[in-house]
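The values are calculated or read from the model by the stated rules, or taken from the named source; none is laboratory data. The structure displayed is predicted, hence computed values, not measured ones. So basically every Cβ, Gly included, is an ideal-geometry build from the backbone, and we count neighbours across all protein chains shown.
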Amino acid sequence: MAESEHEFVGLANYLHLVTDPGFLPALGNTLALIALVLCISIGLGLALALLLERAVLGRGVLRLLVISPFFVMPPVAALIWKNLLMQPTSGFFAWIASLFGVPPIDWFASAPLIAIGLIVAWQWLPFACLILLTSLQSFDREQREAAQLDGASALAILHHLVLPHLARPMAIILMMETIFLLSVFAEIFVTTGGGRASTNLAFLVYSQVMFQYDIGVASAAGVVAVILANVIAFFLVRAVGRSLDA
Amino acid sequence: MSNIVLERVSKRFGDTLVTDNIDLVIPAGKFTVFVGPSGCGKTTLLRLIAGLEDIDQGRLLIDGADMGQTPPAARGLAMVFQSYALYPHMSVRANLGFALKVAHTPPRDIAARVEAVAKLLDLSALLDRKPAALSGGQRQRVAIGRALVREPKAFLFDEPLSNLDAALRSQMRIEIRRLQQDLGITAIYVTHDQAEAMTMADQIVVFREGRIEQVGAPLEIYRRPTNRFVAGFIGSPCMNFLSGARAAAFGATTIGFRPEHLRLDASGELRGVVRTVEHLGNEALVHVQLEDDTMITARCTEDTALHPGAPIAFTPDPASIHRFDQDNRALDVG
Ligand SMILES: Nc1ncnc2c1ncn2[C@@H]1O[C@H](COP(=O)(O)OP(=O)(O)OP(=O)(O)O)[C@@H](O)[C@H]1O
Ligand SMILES: [Mg+2]
């Protein structure tokens, strides 16, 4: 290739990117996916951790079960969910739906982002649950007893004492997961293979390169992803830092 | 003001009997101190009373009502924990008001009650701080305040002063006692420090290995211990014990006498050599090795010139000698 073909184009690629009809949806998908996975993994992780802390029987087995999704590689996890669980005709969820006489959901056609979010949340659940479980175990027993004597119900203890105690680990989970969730890729690749409703920034970069051979726009999208990551990290670190100081 | 009665209360953890058939009356409005060596079950008994542990056998009555099925909060007792167990994320104000808040007391009443308690405990200037920003003594007072706010039937203290330095400890000792007397509230106070027990109690309960060894007023226990364990445990420095021929001369297996009941006497029958002298300023504690190698301690005035290695002789005050039989029971107390 001759040198002259590579002129400096200024911000043209960025303009191109921002005006690309795929860009804004991808940005939205990225943020929505992060929010969805954070909510599910922290919410469900907390519930599980509270259960596991109480559970007396089969604690070891339960813990193993909870941890195991963590060890499954993302593409494999996505394949399992796609073909065994969410498959609209023969999948497990479809079977459950049929038990109740409800028409099965075609997950990846009707709600691809939510479906992908569920898969990713399943993988991150163990991480959230384990961190919350360890902090629950470090919760001072005498504080709980003092609150009991003060007449606080289990719910009041959870609300006024346990949740504040879990603020730091939750902040850490939030930060760690957000960092990794910015770059979810395999789950999208294996299940929907893209499409406007489920493409995030990472996938957009990939598809710009692979299908449109547009390295310029892809790079611009990459830079935007880096900036986005930094902006989010900036706010996260501030928020987390504040909760660590408190 | 409430009285608390324990009837044949037992508790086991696994195979170990932690409290064994405890019968005890804790009189209303009085300050009762549980004292005993580490691991003898004092905390466990306190937790049984509070309802934080379940009683295996026996009954617990508060004002005559059986507490077997009553949850901790409904017993109307307030506990001050050794670790204070303050709520770290809440301000002092919120800590003090927590019990009222979960009871859905109107905020105005909470504020008034919290202010009143804070004033009583000299915490008014600290109400907006978090527990982490308080000194040990201040935390201690917040812990007491948190118990006070609920106007409990009785106070339970589990070694509340053990984290404080000596000066603060004796100050808080007086403050707690004054507070209890002013409010006329029933209190149970756990400690393994016999000096704390002596100075604070209306009634002392001495425990050993899950059993009660003796119950009584401080001076009564000091003057008339019913067995050798209590005699040795209460009083500092510890009572001296002699056995063999010297005890047989008094018709006992063991005799005991306190360090302050030894009189320097060149012709005394207790002869030995000074080993160490502890100078306390107002008095000196002399550790003496007798001729048969038994060690005894004597309390002397500082102006007696004493040097390690010097010969020394004492006469014990015959009226203050405690006699014990072969089962270590006191012979003179009925
Ligand atoms: N939850 C428990 N499970 C098993 N054993 C226990 C439990 N709690 C206490 N024990 C045992 O019961 C005995 C009494 O304990 P407790 O805490 O009542 O002693 P204590 O008199 O308060 O001692 P200290 O002065 O050291 O606080 C100890 O031997 C202890 O090991
Ligand atoms: Mg204890």
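Tabulated data for the structure shown
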{"read-out": "Residue in segment B:69-87 that is of a type in the set (S, T, N, Q), within 16 Å of ligand 1 (Cβ to nearest atom) and either in a loop (DSSP other than H, G, I, E, B) or touching a residue at least 24 places away in the same chain (Cβ under 8 Å) (or both) present", "value": "yes"}
{"read-out": "Residue in segment B:118-133 that is within 18 Å of B:PHE31 (Cα to Cα), surrounded by fewer than 17 Cβ atoms within 10 Å (Cβ to Cβ) and more than 16 Å from ligand 1 (Cβ to nearest atom) present", "value": "no"}
{"read-out": "Candidates B:GLN214, B:GLN181, filtered to the one that is crowded, with 18+ Cβ neighbours inside 10 Å and either more than 16 Å from ligand 2 (Cβ to nearest atom) or within 11 Å of the chain's Cα centre (by Cα) (or both)", "value": "B:GLN214"}
{"read-out": "Of all residues making up segment B:38-60, the number that are of a type in the set (Asp, Glu) and within 14 Å of chain A (Cβ to nearest Cβ)", "value": "2"}
{"read-out": "Subset of segment B:1-20 (residues that are over 19 Å from the mean Cα position of the chain (by Cα), within 16 Å of ligand 1 (Cβ to nearest atom) and either farther than 23 Å from B:ASP202 by Cα or loosely packed, with under 15 Cβ neighbours inside 10 Å (or both))", "value": "B:SER10, B:LYS11, B:ARG12, B:PHE13, B:GLY14, B:ASP15, B:THR16, B:LEU17, B:ASP20"}
{"read-out": "Given (1) within 22 Å of B:ALA195 (Cα to Cα); (2) hydrophobic (A, V, I, L, M, F, W, C); (3) away from ligand 2 (no atom under 16 Å from the Cβ); (4) at pLDDT below 95, number of the condition B:VAL80 does not satisfy", "value": "(3)"}
{"read-out": "Selected residue (only one of A:SER219, A:SER198 is among the small types (Gly, Ala, Ser) and under 29 Å from A:PHE8 (Cβ atoms))", "value": "A:SER219"}
{"read-out": "Counted residues, segment B:291-331 - those being of a type outside the set (Lys, Arg), in contact (Cβ under 8 Å) with a residue 24 or more places away in the chain and surrounded by 10 or more Cβ atoms within 10 Å (Cβ to Cβ)", "value": "25"}
{"read-out": "Identity of the residue in segment B:25-44, more than 7 Å from ligand 1 (Cβ to nearest atom), in contact (Cβ under 8 Å) with a residue 40 or more places away in the chain and not in a loop (DSSP other than H, G, I, E, B), that ends up surrounded by the most Cβ atoms within 10 Å (Cβ to Cβ)", "value": "B:PHE34"}
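Here is a yes/no grid of residues against (1) outside any helix (DSSP H, G or I); (2) at pLDDT below 90; (3) farther than 18 Å from A:ILE131 by Cα:
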{"residue": "A:ALA35", "(1), (2), (3)": "no, no, yes"}
{"residue": "A:ILE40", "(1), (2), (3)": "no, no, no"}
{"residue": "A:LEU50", "(1), (2), (3)": "no, no, no"}
{"residue": "A:LEU64", "(1), (2), (3)": "no, yes, no"}
{"residue": "A:PRO69", "(1), (2), (3)": "no, yes, no"}
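Conditions (1) within 14 Å of chain B (Cβ to nearest Cβ); (2) farther than 18 Å from A:PHE71 by Cα; (3) hydrophobic (A, V, I, L, M, F, W, C); (4) assigned to a loop (DSSP other than H, G, I, E, B), marked per residue:
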position	(1), (2), (3), (4)
A:TRP122	no, no, yes, no
A:SER135	yes, yes, no, no
A:GLN148	yes, yes, no, no
A:ILE157	yes, yes, yes, no
A:MET170	yes, yes, yes, no
A:GLU177	no, no, no, no
A:GLY194	no, yes, no, yes
